[in-house]
1. Taking the Cα centre of region 9-52 as the origin, how large is its charge dipole in debye, to the nearest 20, when only Lys and Arg (+1) and Asp and Glu (-1) carry charge on their Cβ atoms?
2. Could you give me the ³J(HN,Hα) list for region 27-44, computed from phi with Karplus coefficients 6.51, -1.76, 1.60 and θ = phi - 60°, whole Hz, x at Gly and Pro?
3. Within region 38-108, report the trypsin sites (Lys or Arg not before Pro) that DSSP leaves as loop and that have at most 14 other Cβ atoms within 10 Å.
4. Calculated from the structure, percent of Cα pairs over 17 Å apart equals which of (i) 72; (ii) 67; (iii) 49?
5. Give the cross-link partners of LYS41 among the aspartates and glutamates, using a straight C-alpha distance below 15 Å as the criterion and excluding same-chain residues fewer than 8 apart.
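Read-outs throughout are calculated quantities, based only on the coordinates presented, and are distinct from any laboratory measurement. This is a predicted model, so every value here is computed, not measured. Using ideal geometry, Cβ is built from the backbone for each residue, glycine included, and neighbour counts are taken over all protein chains shown.
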Amino acid sequence: MPRKGARSKSEVKRVPITEARSRVGAIVKSLRRGEYVVLEKDGVPVAGMMDIEEFEDYLEVQDPKIQAYIRKSRAEHRSGKSFPAENLVPELEHVAQSVSIRQARLKA
């Protein structure tokens, strides 16, 4: 699932697990703002937390099918088979106009 918007460099907060238990609501709010939280036990990092949308993106990219698609897309881009997105809009408008003309002819 794509993220709502690009994030700037996120802050990483380190929080002891005992403190996190009593501040879970505030921690979740900070995750929604793009921050990361590392939970520590006796000063040792044991877990990391991030916003669910970013986590879903992470899981999606771990899928071997998605990884293969990304490799294929990168190879096509390097070989010149891609073009800037702004070039696509005029092409789509041209196709839509052609379809409209054909439909009008068929109705006449």
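1. Numbers: 9 positive and 6 negative charges, 33 e Å.
Once rounded to the nearest 20, the dipole reads 160 debye.
2. Per-residue couplings from phi come out as 5, 4, 4, 5, 5, 5, 7, x, 8, 10, 10, 9, 8, 10, 10, 6, x, 9 Hz.
3. Loop-located and lightly packed - LYS81.
4. Here percent of Cα pairs over 17 Å apart agrees with entry (i).
5. Of all the aspartates and glutamates, those that pass the test against LYS41 - Cα under 15 Å, at least 8 places apart if same chain - are GLU19.
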